[in-house]
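Reading through the structure tokens given below for one structure.
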Amino acid sequence: MDLITQIIAQAAPSGGANPLAGMWPILLMFAAMYFLIIAPQRKKQKQHQKMITELTSGADVVTSGGVYGTITNVKDDRFVLRVAEGTKIEITKSSVATVLSSESESS
């Protein structure tokens, strides 16, 4: 029995090792993911939100579904687009992908 306790005591790591030393690779991976993935995505999301809040009637836009149209009315949570003469559709604000031109830009 005494031999078994000696083997276990020799196999156990010494108490002087730093437990955080093994965490550095994991922490570096999380930091790299933040700077390479999360931060650019947040920046892009803020730019898109700013673009949507600045849209007014008369702006030509493209939706995320590929529909081209001109904003005729701005509501609380959606836009009304004129896609053809006499044809209007309502879309959510978040579905606007690109602003082609704005009436205020040409003035």
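Every number here is computed from the coordinates shown, using simple stated rules; none is lab data. As the structure is a prediction and not an experimental result, all values here were calculated from the model. Virtual Cβ from ideal backbone geometry, glycine too; neighbours counted across all protein chains shown.
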*Between residue 20 and residue 38, how many nm apart are label points set 7 Å from Cα along the C-beta direction?*
1.9
*Mind checking which lysines have their Cα closer than 30 Å to the Cα of residue 88? Skip sequence neighbours fewer than 8 apart in that chain.*
44, 46, 50, 75
*What is the spin-label model distance, in nm, from residue 4 to residue 93 if the labels are put 7 Å beyond Cα along the C-beta direction?*
7.0
*Give the calculated FRET efficiency between residue 47 and residue 72 to the nearest 0.05, with a Förster radius of 22 Å applied to their Cβ-Cβ distance.*
0.35
*asked:* Of 64, 47, 92, which is farthest towards the positive pole of the stretch 42-107's charge dipole, taken about the Cα centre with +1 and -1 on the beta-carbons of Lys, Arg and Asp, Glu respectively?
replied: 47
